[in-house]
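Enquirer: Take a look at this one; I'll ask things after.
The values are calculated or read from the model by the stated rules, or taken from the named source; none is laboratory data. Please read all numbers here as calculations on a predicted model, not as lab measurements. Backbone-built Cβ (ideal geometry, glycine too); neighbour counts: all protein chains shown. Surface areas here come from the heavy atoms of the whole protein model, side chains and all, with no ligands, DNA or RNA. Shrake-Rupley method; radii C 1.70, N 1.55, O 1.52, S 1.80 Å.
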Amino acid sequence: MAYRNLEDAVLDLERTNQLIRIKEEVDPNLEMAAIHLRVFDHNGPAILFENIKGCRYRAVSNLFGTKERALFLFRDTIEKVRSMTALRNDPMQAMKHPFKALASLPSAFHALPKKAHAHFDKIRLSDLPQIKCWPDDGGPFVTLPLVYTEDPEKPGIKNSNLGMYRIQLAGNEYLPDKEAGLHYQLHRGIGIHQTNADRRNQPLKVSVFSGGTPALIFSGVMPLPEGLSELYFAGMLGNRRFRYFYENGHLISSDSDFVITGEIIKGMNKPEGPFGDHFGYYSLKHDFPVMHVTGVYAKKNAIWPFTVVGRPPQEDTLFGMLVHELAGDSLTYEIPGLHEVNAVDAAGVHPLLLATGSERYTPYLQETRPQELLTIANHILGTGQLSLAKYLFITNREDDPSIDTKNIPAYFKHLLERIDFKRDIHFHTNTTIDTLDYSGSGLNSGSKVVFAAAGKKRRTLGTEKPSMDLPAMFDQAQVVMPGVLSVSGPPFRSYQEAGNEIEVLADKLKDLDKFPLIILTDDASFVAENLNNFLWVTFTRSNPSHDIHGAKSFIRHKHWGCEGPLIIDARIKPHHAPPLIKDPQIEQRVDKLGERGRSLHGII
């Protein structure tokens, strides 16, 4: 199925009972987002909002809200794209399976962009759906924007970048209908283009597409090698060549529903945010580039696509699934010895990576210890967006070939049975972390740590709450999983006080060999309640260099280690961003839409 536009996809989903229409008037201020979140939580259909308060356009969300629906949208091309990805990873496959390779050639033709004019009406920023997702957001945002730029030193589609960088439409200090905020994070292609434009002392031209084919929307999040245009990928995945034309020097996507054009001028920044983000917290207000808007365009009967991000899993979780479906094991071809990497969604993706690799350097030695694993770990932390990872756990596949990084409890059990905390913890301090991660020492600043485990079992893990007397300031302990305890502590006040508190706790736990990992938290029961709570709290609320402690710890030749249990201080700190909390009154309005005779009856 080659969708020509977003309306084609919407109608196709409706024909197959995968979309509902909401005819009641809904408010873009919090209510639309609340509806989306509720329907997603119930594994519900895509949602077409037909009556948006204060806006003449329709909107659609939850397009990719289930794995089945996401795969359905690309059902005719996904196998061909997989084949082409496999050929890129292993060119010898073309010689082994020539007919399979030839079958994917038509997809390569659709990768070639095509010039084609289209008619748009000129409108204003304020005419767009002003969707605000969380109560403390700084204003309305575009949450599925496709931000297009070209390299000023090598202009043209071939060297272009298409990324999904959020756009703030109004609020803060932005001039109404004339300025928008453009937030992009570390390791994004647009940064290279802006650097080159600044060097030449010229504005960077920007086009923001909204809508269009599902393939175009998804291409904005697909991690592609630098120099490979996302527009080529969109054509191949959508079985339809990307169509475009230029207007006043800006590229316009002919199939998109809306296009915003503008310029980024060197040194022109304004506060952007706050914004409820995919870590489950607000990303706070910071200076980011201002986009000086030169034009806003809309098709007749255009549909505005949007999503809502928050504590995972959310719809963007399915983007990660699709990336894996299409890219397969491409990373294992790039990094020798690597077998698998799981960027853990429940922990916000970038804070936590679980990996397996091979330990083959010294087969002649009796003891297996992490050596090649450390080489692999350094390679992972130097690769693309994986370089933003904060915690990387890596194990030796040969110790147990059945270990699967997606079976998280089994993975942690395997690692904790084998790791030597005196030797196998490796810190990277004063470095970069994800822009959205506020656990560190400043914006984009924090630390990383690698835990590498290889060899025979060192310990048997405990599964029942141990008998122990906690110091008075620590009021409960709960078993999270084998070998892992959560302990409630007093509210965090300062790192100096935390160090003193944890020293007291560590002395009590120094001989607790069956529980090598202790999570110090504000609420031990919440952390132990389920796996997602453990992952979210532990890895989004800790900065390795500041928050990892240990019983009987030492520094020897600048290497830190500990002889007793490892303690991660995952309490909320004063500098952390606040968590996302829903508005109770808005939730009551959504409840009413689930009543008999209303649009969401039987769905929520």
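Enquirer: Among Ala298, Ala346, Tyr281, which residue has its Cα furthest toward the positive end of the charge dipole of segment 231-386, with +1 on Lys/Arg Cβ and -1 on Asp/Glu Cβ?
Expert: Looking along the dipole axis, the top candidate is Ala298.
Enquirer: Oh, and also: Rank by packing, highest mean first: peptides 124-131, 266-273, with packing defined as the count of other Cβ atoms within 10 Å averaged across residues.
Expert: Order by mean packing, descending: 124-131, 266-273.
Enquirer: What whole number of Å gives the distance from the Cα centroid of segment 153-193 to the Cα centroid of segment 420-466?
Expert: About 33 Å separates the Cα centre of segment 420-466 from the one of segment 153-193.
Enquirer: Something else: Calculate the length of the line joining the C-alpha centroid of segment 241-303 to that of segment 112-128, in whole Å.
Expert: About 13 Å separates the Cα centre of segment 241-303 from the one of segment 112-128.
Enquirer: Order Val293, Val26 by their accessible area, 1.4 angstrom probe, all chains in place, largest first.
Expert: Heavy-atom accessible area, descending, gives Val293, Val26.
Enquirer: Next up: Which angle between 0 and 90 degrees, to the nearest 10, do you get for helix 531-540 versus the longest principal axis of the chain when only C-alpha atoms count?
Expert: Helix 531-540 sits at roughly 90 degrees to that axis.
Enquirer: Still on this structure, I have one more. Taking a probe of 1.4 Å, how large is the accessible area per residue of the chain, in Å²?
Expert: 41
Enquirer: With each run of n ≥ 4 DSSP H residues scored as -39500 (n - 2.57), what mean residue ellipticity at 222 nm is computed for the chain after dividing by its residue count and rounding to the nearest 500 deg cm²/dmol?
Expert: One gets -7500 deg cm²/dmol as the mean residue ellipticity at 222 nm.
Enquirer: Assuming a ≥ b ≥ c are the square roots of the Cα gyration tensor eigenvalues, decide whether segment 361-435 counts as rounded (a/c under 1.5), prolate (otherwise, with a/b larger than b/c) or oblate.
Expert: prolate
Enquirer: If the cut-off is 21 Å between C-alpha atoms, which lysines fall inside it for Lys465, apart from same-chain ones fewer than 8 positions away?
Expert: By straight Cα distance, Lys465 reaches Lys413, Lys508, Lys510, Lys514.
Enquirer: Further, regarding this structure: Where nothing but the Cβ of Lys and Arg (+1) and of Asp and Glu (-1) is charged, how large is the charge dipole of segment 327-468 around its Cα centre, in debye to the nearest 20?
Expert: Value, rounded to 20: 520 debye.
Enquirer: Which Cα, out of Leu436, Ile335, Thr538, lies furthest along the positive dipole direction of the chain (beta carbon charges, K/R +1, D/E -1)?
Expert: Checking the options against the dipole of the chain, the answer is Ile335.
Enquirer: Next question, about the same structure. Give a quick list of GluC sites (Glu not before Pro) in segment 428-533 that DSSP marks as loop, anything other than H, G, I, E or B, with at most 13 other Cβ atoms within 10 Å.
Expert: Passing both the DSSP loop test and the Cβ count: Glu464.
Enquirer: Can you give me the % of accessible surface on segment 164-210 that is carbon or sulfur? Probe 1.4 Å, all protein chains present, nothing else counted.
Expert: 51
Enquirer: For segment 352-500, give the share of DSSP beta bridges that are antiparallel, in percent and rounded to the nearest 5; count only bridges with both residues there.
Expert: Approximately 50 percent, going by the DSSP bridge assignments.
Enquirer: Within segment 241-261, which residues have the backbone N less than 19 Å from the label spot 7 Å out from Lys115 along Cα→beta-carbon, could you tell me?
Expert: Hits in segment 241-261 for Lys115 at 19 Å: 241-256.
Enquirer: Using only Cα atoms, tell me the angle between helix 189-199 and the longest principal axis of the chain; keep it within 0 to 90° and round to the nearest 10.
Expert: The two axes meet at around 70 degrees.
Enquirer: Another question, if that's okay. What does the charge dipole of the chain about its Cα centre add up to, to the nearest 20 debye, if the Cβ of each Lys and Arg holds +1 and the Cβ of each Asp and Glu holds -1?
Expert: Computed about the Cα centre, the dipole is about 1260 debye.
Enquirer: On the protein heavy atoms, probe 1.4 angstrom, tell me the percent of accessible surface of segment 546-600 carried by carbon and sulfur.
Expert: Within segment 546-600, the accessible surface is 50 percent carbon and sulfur.
Enquirer: Show me the trypsin sites (Lys or Arg not before Pro) within segment 164-252 that DSSP assigns to loop and that have at most 14 other Cβ atoms within 10 Å of their Cβ.
Expert: Lys178, Arg200
Enquirer: Let me ask you something else. Classify the chain from the C-alpha gyration tensor, please: rounded if a/c falls under 1.5, else prolate or oblate depending on whether a/b exceeds b/c.
Expert: In terms of gyration-tensor shape, prolate.
Enquirer: Further question: Starting from the Cα of Phe526, step 7 Å toward the Cβ, then list every residue of segment 430-459 with an amide N under 17 Å from that point.
Expert: Inside the label zone: 438-439.
Enquirer: Okay, next question. Where the centre of each part is set by its Cα atoms, how far does segment 194-219 sit from segment 319-375, in angstrom?
Expert: Measuring centre to centre over Cα atoms gives 32 Å.
Enquirer: With everything on Cα atoms, drop me the angle between helix 31-41 and the longest principal axis of the chain, reported from 0 to 90° to the nearest 10.
Expert: For 31-41 against the chain, the angle is about 60 degrees.
Enquirer: Right, next: Among His110, Asn159, Val10, pick out the residue whose Cα is farthest towards the positive end of the charge dipole of the chain, where Lys and Arg carry +1 and Asp and Glu carry -1 on C-beta, about the Cα centre.
Expert: Positive-most Cα among the choices belongs to His110.
Enquirer: Arrange the peptides 348-356, 427-435 so that the one whose residues have, on average, the most other Cβ atoms within 10 Å appears first.
Expert: Ranked from most to least packed, the peptides come out as 348-356, 427-435.
Enquirer: Report the antiparallel proportion of the DSSP beta bridges in segment 1-82 as a percent, rounded to a multiple of 5.
Expert: Expressed as a percentage, antiparallel bridges in segment 1-82 total about 40.
Enquirer: Let me ask you something else. In what sequence, highest mean first, do 332-340, 303-311 appear when ranked by Cβ atoms within 10 angstrom?
Expert: 303-311, 332-340
Enquirer: Sticking with this one: Only bridges with both residues in the chain count here: give the DSSP antiparallel percent, nearest 5.
Expert: 70
Enquirer: Please report, in debye to the nearest 20, how large the charge dipole of segment 349-416 is about its Cα centre when each Lys and Arg carries +1 at its beta carbon and each Asp and Glu carries -1 there.
Expert: Magnitude of the dipole: close to 240 debye.
Enquirer: For segment 111-186, what percent of Cα pairs sit more than 15 Å apart?
Expert: Looking at segment 111-186, the distances longer than 15 Å represent 67 percent of pairs.
Enquirer: If you don't mind, another one. Classify segment 1-74: rounded, prolate or oblate, from the alpha-carbon gyration tensor (a ≥ b ≥ c, eigenvalue square roots; a/c under 1.5 rounded; otherwise prolate if a/b is larger than b/c)?
Expert: Oblate.
Enquirer: Please sort by residue number the trypsin sites (Lys or Arg not before Pro) in segment 374-424 whose DSSP state is loop and whose Cβ has at most 15 other Cβ atoms within 10 Å.
Expert: Passing both the DSSP loop test and the Cβ count: Lys406, Arg423.
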